[in-house]
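Structure first, then comments.
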Amino acid sequence: MLLTNAKIYTMSAGVIESGFIFVKDGKIAKVGKMDELGGLTDEEEINLSGQSVYPGFVDAHTHMGLFENGLGIEGEDGNEYTDPTTPQLKAIDAVNPMDRSFREALLAGVTTVVTGPGSANPIGGQLLAMKTSGVCVDDMVIKPTVAVKFALGENPKMIYNDKNQPPMTRMATAAIIREQLNKAKRYLCDKTKAEESPSEYDWPEYDAKCEALIPLLRREIPAHIHAHRSDDIFTAIRIAKEFDIDYTIVHATEGHLIADRLKSERVNVLSGPILTDRSKPELANLSTKTPEILAKNDIMIGIITDHPETPIQYLPLCAAVAVREGMDEYEALRAITINPARICNITDRVGSISEGKDADLVVFNGSPFDVMKKPSLVICDGKIENKNM
C-alpha cells in the first residue's frame, strides 16, 4: 500500500507537509517527502491530497473487554473482589475482543489500548497492551504485561467496607501494598540465593503473587497507580520510592493542584477521564484544564478515557476539550500518540510514523479534534479497517 501527497504528523520527526508512506507486510517500510519517492510504486496507491495522516491513537488506560457493553455480572471481569492483592491476575485471560467497543475504537482511529483490572483491589493485576483490530486476543497483543495495576483512595475502601474486611482505610490500603511488596522482596531474595548457591539454600515454596511482582521489583515493568486525590498521589510516590520501583500515576485528578511537585518528582501521568461527572468525593476537584496545566509544567502525560467511564471512541474528543481549555494542539496530539506509547514502553511498535513500526494510521480531512469530523481512513497493522473517502 502506498499513501501519497499527505500531510504527515510523524510525532517523532516533525511534520512532513507533503509526503508518502509505503506499507509492506503490516509495517511502515518507508516514509518521506514526495520528492524522495523516486520510482517507488504500488498496485494499491491512495492519494491523500489535502488530508492529514497521524499515528493510530493510543489510550493507555482502559478496561476494554473486561466490563462488557450491555451486560451485568455475566460480562464483568475487571475486579476480583475476593482478595485485595491479586498481582498474579492477567488481563489477557479476561479480555473479550468481540466486545463492540473494540470496533468503535477502530472507527474513531484508536488502534492501541492498554486494558486491565479495575481499582477495587490495592493490587489488581497485570495490564495488557493490545490492538483494537482482531478476534483473538493472542493475535492482538503488543505487550502481554505493560504494568502492574495498583489502586489507592476510595475504591478499595468502598469495596472492602461492604465486606467488613481490610482495607477499610487509606492506612490499611497502603499497609497491604507494603506487606505484599515486602513478601515479594523476601521471596526474590530467597530465590536468588537458591539460584546462586543451590547446595546451601532451598528454593522458596512457589508463590504466584510474588512471582508476578518480581519484574516490578527488578524495574523491568512499572506500576500504574490509580490515585485521584493529592494525598493519594503522594502516597503512591512515597511507596514507589520505598521499594525503588518505576511508576506512573493514573488519573491524577488533583494533579493540577500539585503540578509543581509532580514536576519536581519527574512523574509521568495518565490524565483523565475529563469527560465525566464528579461521581464521588475524590473527584470534587476534577477540572478539564488538568491536562493543559500538567503539560505546561513539562510533565509527560497521556490523555485517557478510562473506558467505559468515557467511551473509548471519544478519546480524540477528550484531547479536543483539553485544547479548548488551553492545551497546545500538538501537545494534545502527543498525549494520544507518542506519549502514552512511551509511558507504556511500546514505542518500538506504535505511537509514531516511522520506518519499522506497525502500520497503524488514521487519516482526517481536517482536524482530528473537530467534533464534526470522522476519520476518512483507518489502517491497523497495514489493513484498511474503515474507509470514508
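The values are calculated or read from the model by the stated rules, or taken from the named source; none is laboratory data. What you see is a predicted model; the values in this text were computed from it and never measured. No Cβ is skipped: glycine too gets one built from the backbone with ideal geometry, and neighbour counts run over all protein chains shown. To get the accessible areas, we keep the full protein, side chains included, count just its heavy atoms, and leave off ligands, DNA and RNA. Shrake-Rupley method; radii C 1.70, N 1.55, O 1.52, S 1.80 Å.
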Discussion item. For the stretch 36-51, check the following and say yes or no: at least one residue is closer than 30 Å to ASP306 by Cα and out of contact with any Cys (no Cβ under 6 Å at 6 or more places or on another chain).
Written reply: yes
Worksheet item: open to solvent by less than 90 Å² (accessible area, probe 1.4 Å), under 16 Å from ASP244 (Cα atoms) and at pLDDT 95 or above - does that describe any residue in the stretch 161-170?
Response: no
Response to the item:
Those residues of the stretch 23-35 which are open to solvent by less than 100 Å² (accessible area, probe 1.4 Å), over 17 Å from MET11 (Cβ atoms) and without any contact (Cβ under 8 Å) to a residue 40 or more places away in the chain amount to MET34
Worksheet item: Do we have ALA108 as farther than 27 Å from ILE239 by Cα and either charged (D, E, K, R) or out of contact with any Gly (no Cβ under 6 Å at 6 or more places or on another chain) (or both) here?
Response: yes
Practice prompt. Answer yes or no: is there a residue in the stretch 347-360 that is of a type in the set (Gly, Ala, Ser), on the phi > 0 side of the Ramachandran plot and under 15 Å from the mean Cα position of the chain (by Cα).
Written response: yes
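Go through the stretch 192-217 and give me each residue that's free of Cβ contacts under 8 Å to residues at least 24 places away in the same chain and open to solvent by 40 Å² or more (accessible area, probe 1.4 Å). Can you show your working first?
Taking the stretch 192-217 first, the residues free of Cβ contacts under 8 Å to residues at least 24 places away in the same chain are 192-206.
Correct list: THR192, LYS193, GLU195, GLU196, PRO198, SER199, GLU200, TYR201, ASP202, TRP203, GLU205, TYR206.
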Worksheet item: Could you count how many residues in the stretch 339-389 are aromatic (Phe, Trp, Tyr) and either touching a His at 6+ places or on another chain (Cβ under 8 Å) or under 12 Å from PRO55 (Cα atoms) (or both)?
Response: 1
Discussion item. List pairs: first residue in the stretch 234-257 and closer than 17 Å to PRO122 by Cβ, second residue open to solvent by 20 Å² or more (accessible area, probe 1.4 Å) and part of a strand (DSSP E or B) anywhere in the structure, Cβ distance under 7 angstrom, at least six positions apart or on different chains.
Written reply: ALA236/TYR247; ALA240/TYR247; THR248/ASN268
Item to complete: Answer yes or no as to whether LYS90 is closer than 23 Å to PRO156 by Cβ and either out of contact with any strand residue (DSSP E or B) (no Cβ under 9 Å at 6 or more places or on another chain) or charged (D, E, K, R) (or both).
Response: yes
Worksheet entry | Residue that is most open to solvent (accessible area, probe 1.4 Å), among those in the stretch 75-88 that are touching a residue at least 60 places away in the same chain (Cβ under 8 Å) and in contact with a Pro (Cβ under 8 Å, 6 or more places away or on another chain) | ASN79
